[in-house]
Amino acid sequence: MKVELDGAPWRTVPVDVVLAAGLHVGLTLDRERLRILRRELRSREALSKAARLLARGDLSEQGLGAELEQRRVPPAARREAISRLLAAGAVNDERLATRRAELLAARGAGDALIRADLESRGLDPRLVGRALEGLDHEDERARKIVTARGEGPATARYLARKGFDRDAIETAVDGYVGEGG
C-alpha cells in the first residue's frame, strides 16, 4: 500500500505491515505510530530473511540466530522471527539433529564425525545424543563399510577419517588396526 506523509507519497508498505501497524486511511502518523510501523517493517524483514535462509536448508535455532545477526537484523526482530518460526515448526532442532545424523550415517560417517557436525550447528548436546541413539550402532555401520570396501589397513584408515571410534574399527576389520590408526 502507498503511504502518504503530509499529503506527499512517502513509501510503499506491504499490506500485512499496514494491518499489523493498525494504519488506515486518514490516520495521522505520530511518533508512536511510526515506531510501531518501523517495528513491523523490521519484523517482516527479519522473517523474510529467515525464510530465505531456511529455503536453502534447515538451520538450528542458534544457527538461524547467528545468520540473522550476521545480516544485521536487530535483536528484537531476530528474536521475534525465530520465535514465530519455532511456533510454526519451521525451525525444529530435534528434527534437524535426527535428519542430519541419519544423512551423515547414510554417507558413511561415524559417531564422532556426526557429533562434531551437529554440535557445530549449535545443537544441544542432549539432542545430539538422542539423534545418535536413533541410528544403527556404530559397529554395524562400520561392518557395512568394510563389507563394501574390503578389510585391510586402507579401510581402517578410511573408517578413522570418517569418525568411527577405535573399537568399531577393530570390530569391523576383525581386530586389525594399523600403526597409528
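Given 0.36 nm per residue, what is the gain on full extension from Glu151 to Glu119 after removing their alpha carbon distance, in nm?
This chain segment gains 8.4 nm when fully extended.
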With +1 on the Cβ of every Lys and Arg and -1 on the Cβ of every Asp and Glu, the dipole magnitude of region 2-88 about its Cα centre, in debye rounded to the nearest 20, is 180
Which residue fluctuates the most in the chain, going by a Gaussian network model with Cα springs under 10 Å, if the choices are Gly110, Gly89, Gly65?
Gly89
Given the chain, longest segment not containing exposed loop GluC sites (Glu not before Pro) (DSSP; at most 16 other Cβ within 10 Å):
1-150
Please list, in order along region 121-128, the HN-Hα scalar couplings obtained from phi with the Karplus expression 6.51 cos²θ - 1.76 cosθ + 1.60 (θ = phi - 60°), rounded to whole Hz, x for Gly and Pro.
8, x, 7, 4, x, 5, 5, 4
Most fluctuating residue of Asp58, Asp136, Asp124 in a GNM of the chain with Cα springs under 10 Å: which is it?
Asp136
Once log10 I(q)/I(0) by the Debye sum over Cα atoms at q = 0.11 Å⁻¹ is worked out from the coordinates, which option in (1) -0.57; (2) -0.69; (3) -0.63 does it equal?
(3)
Report the residue, chosen from Val128, Val15, Val73, that carries the largest GNM mean-square fluctuation when the chain is represented by alpha-carbon nodes joined by springs under 10 Å.
Val15
Loop-only trypsin sites (Lys or Arg not before Pro) in region 1-74, please: DSSP not H, G, I, E or B, and at most 12 other Cβ atoms within 10 Å.
Arg72
Pop the C-beta distance of Arg161 and Ala55 into the FRET formula with R0 = 41 Å and round what comes out to the nearest 0.05.
0.80
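No lab work stands behind these numbers, since they all come straight from the coordinates. Only a predicted model underlies this, so the values are computations on that prediction, with no experimental measurement involved. Here Cβ is always computed from backbone atoms with ideal geometry, including for glycine, and neighbour counts include all displayed protein chains.
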